[in-house]
Amino acid sequence: MTDATVRAKLLGLPGSLRSNSNSLAILRGLQDALPAGVSMDIRDLRLPLYDQDIDTPDAPAEVHSFRQAIADADGVVIVTPEYNYGMPGVLKNALDWASRPYGKSALIGKPVLVISNSPAFTGGVRAHQQVNDTLLALPAKLLAGPQVVVGSVGEKIKDGKLADEAVLKFALSAIDRLSAAK
């Protein structure tokens, strides 16, 4: 796919570091099912803990790279599990890094789709709300419309990818809205 045929370049952020996480599997399943003209890079969130003392022009290279990946994307897809009724620390840390420098964050006005997941039937709705609250504070442009939550997620993953057709279809409709929002 050439740049001329890409109508939306998305950045996928899994809220878990585990190599076989359900969040990563959801992103991989979506990545394989994207419509023509939409691409998505998936980014690991291994960043140092946010520390304002090192948040300077000489901040770690992975922080600059992470912020640049957000800036270069037309939209961001965050897929988060729910840990202890909330968002994982690794995702909160990444959003803290992405929120800076104050008033100049690459997430300001950036279209963002949040997808939550959980082995429970609730699909991670509490983590979903926490991510939304953090994004609204930046202020990112949260995708309007039905929220995408994936309950009983383990039953919907096959060979390391989201394989449930109904969930894929529903999530891809949100990706279509995200692509149009850029």
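The values are calculated or read from the model by the stated rules, or taken from the named source; none is laboratory data. Remember, predicted model here, so these are calculated numbers, not experimental data. Note: areas computed on protein heavy atoms with side chains; ligands, DNA, RNA excluded. Shrake-Rupley method; radii C 1.70, N 1.55, O 1.52, S 1.80 Å.
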Candidates V79, V150, V63, ranked by Gaussian network fluctuation over the chain, Cα under 10 Å, top entry: V63
Looking only at G12, G75, G86, which one moves most when the chain is put into a Gaussian network model with springs between Cα atoms under 10 Å? G86
Leaving out same-chain residues fewer than 8 places away, which aspartates and glutamates sit with a Cα under 20 Å from that of K161? D32, D41, D44, E82, D176
Quick one: how many Å² of K156 are accessible to a 1.4 Å probe, rounded to 10? 40 Å²
Restraint check, K110/K156; K110/K158; K104/K141, Cα-Cα greater than 25 Å: K110/K156; K110/K158
Cα shape, the stretch 1-78, gyration tensor, a/c 1.5 rule: oblate
Can you give the Rg to Rh ratio for the chain, taking only C-alpha atoms and Rh from Kirkwood? 0.95
Among rounded, prolate and oblate, which fits the stretch 93-164 when a ≥ b ≥ c are the square roots of the eigenvalues of its C-alpha gyration tensor, a/c under 1.5 means rounded, and a/b larger than b/c means prolate? prolate
